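Enquirer: Sharing a structure below in structure tokens format, with a few things to ask.
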Amino acid sequence: MVSSDWPVCCAAFYVFCAEGIFYTHSRKNYMLRLYIGWVLMNLCNNWISQKFAQPSGIIILNGMFGTMFLVVLTVTSVELIRAGQKERAVRKIGMGLAGLFYFVASFAVQCGAYIAMTGMFDAQTGEITNRMFPVVQRGVQIMMIFVPNLMNVEGGFLFVLLGVAFYYLRRWRIAQVAALGVLCLIQWLALPQYWLTDLFIFLAAIPICLYNGQAGSNRHKFLFYWYYPAHVYLIYIVGYLLMTRWGVAY
């Protein structure tokens with residue numbers, strides 16, 4: 001389930017994430033807030049999808065907090081390594097390498113778990129052939145909730161890369177728009193049937209070009225953490241009511 005305004009909003013949100021990395025007083029706290037948002041939203045996604053189960057089988061998979069967490073983690077790790085090399089600070093280099101290690105290792109572990117699961121049941125009969133299957137399955141479920149990585153965050157590798165690109169291109173709006181265009185082109189070449197979604201994503205170029213690069217008011221600092229999940233759940237529940245109470249298909 002993805003809200004109708006998702007394509008335009010998602011790209012704009014990653015610009016705001018890049019600006020947040022630049023303006024925040026504590027990247028550590030920034031990552032912590034995003035991580036907490038990721039975990040809480042995963043738990044709410046599961047609960048609401050079960051409480052308001054739709055006949056069509058649609059469930060909530062939105063999880064932009066996790067993608068943003070990886071963007072901030074990647075940028076912070078790279079910047080720590082660069083600063084450590086410049087200052088000859090081994091501790092900073094070590095912290096940066098640890099962040100990048102998490103980035104790679106978390107993806108490798110979940111990817112390996114999925115591959116292992118495919119070899120633990122008979123594809124033709126659907127029967128489990130290895131008694132370790134429930135254990136591995138439970139591990140994957142735990143990772144889906146508590147361990148953001150390229151396998152389970154919204155948008156995957158491309159959107160993490162887009163967020164990182166937005167940060168390093170933050171002084172050049174045209175370059176940011178070009179990066180957005182490349183993303184849309186890649187997605188269109190891979191999945192041409194979703195060309196309309198790619199078109200709406202590229203419409204985010206308008207707010208990107210209009211943004212003046214200045215920090216917003218601290219009064220609105222936490223607005224996104226409430227707005228993003230609230231609008232996803234509102235749209236999902238309205239869809240549930242349309243389908244179950246009034247028989248409207250969408």
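Enquirer: What list do you get for 154, 127, 79 if you sort them by fewest beta carbons within 10 Å? Present the calculation step by step, with values, prior to reporting the outcome.
Expert: Numbers: 154 19, 127 8, 79 16.
Ascending Cβ contact count within 10 Å gives the list 127, 79, 154.
Enquirer: Another question, then. Fewest Cβ neighbours within 10 Å first, please rank 171, 27 accordingly. Don't skip to the end; give the middle numbers.
Expert: Working: 171 8, 27 17.
Placing the least packed residue first, the sequence is 171, 27.
Enquirer: Would you mind getting the Kirkwood hydrodynamic radius of the chain from its Cα pairs, rounded to one decimal in Å?
Expert: Working: mean 1/r = 0.0500 Å⁻¹.
Hydrodynamic radius (Kirkwood, Cα only) of the chain equals 20.0 Å.
Enquirer: Still on this model: Amide H to amide H, which residues 5 or more places from residue 121 or on other chains are under 5 Å from it, using H placed in the peptide plane?
Expert: 129
Enquirer: Is the C-alpha gyration tensor of the range 1-98 telling us rounded, prolate or oblate? Criteria: a/c under 1.5 is rounded; beyond that, a/b larger than b/c is prolate, otherwise oblate.
Expert: Numbers: a/c = 3.49, a/b = 2.36, b/c = 1.48.
Cα axes put the range 1-98 in the prolate bin.
Enquirer: What is the sum of charges, Lys and Arg at +1 and Asp and Glu at -1, for the other residues whose Cβ falls under 14 Å from the Cβ of residue 59?
Expert: Values: positive: 51; negative: 154.
Combined, the nearby Lys, Arg, Asp and Glu give 0.
Enquirer: Still on this structure: For the range 147-155, just list the computed ³J(HN,Hα) in residue order, Karplus coefficients 6.51, -1.76 and 1.60, θ = phi - 60°, integers in Hz, with x standing in for Gly and Pro.
Expert: 10, x, 8, 5, 7, 10, 8, 5, x
Enquirer: Explain nothing, just compute: Karplus ³J(HN,Hα) = 6.51 cos²θ - 1.76 cosθ + 1.60, θ = phi - 60°, for every residue of the range 221-238 in order, whole Hz, x for Gly and Pro.
Expert: These are the phi-based 3J(HN,Hα) values: 4, 9, 4, 4, 5, 9, 4, 4, x, 4, 6, 5, 5, 4, 5, 5, 5, 4 Hz.
Enquirer: Give me the distance between the Cα centres of the range 171-250 and the range 34-102, rounded to whole Å.
Expert: 19 Å
Enquirer: In addition: Highest first, please rank the peptides 110-121, 42-53 by the mean number of other Cβ atoms sitting within 10 Å of their residues. Walk me through the intermediate numbers first.
Expert: Numbers: 110-121: 13.3, 42-53: 15.0.
Ranking the peptides 110-121, 42-53 by packing returns 42-53, 110-121.
Enquirer: Related question: How large is the convex hull of the Cα atoms of the range 113-250 per residue, expressed in Å³ as a whole number? Numbers along the way, then the final one.
Expert: Numbers: hull volume 28.9 nm³, N = 138.
Output value, Cα hull per residue: 209 Å³.
Enquirer: Just in the range 80-112: which trypsin sites (Lys or Arg not before Pro) are loop by DSSP and have at most 14 other Cβ atoms within 10 Å? Walk me through the numbers before you get to the answer.
Expert: Numbers: sites: 82, 86, 88, 91, 92; in loops: 88.
Of the trypsin sites (Lys or Arg not before Pro), the ones in loops of the range 80-112 whose Cβ has at most 14 other Cβ atoms within 10 Å are 88.
The numbers here are math on the coordinates, done by the rules we state, and not lab data. This structure is a prediction, so every number in the text was calculated from the model and none was measured. Virtual Cβ from ideal backbone geometry, glycine too; neighbours counted across all protein chains shown.
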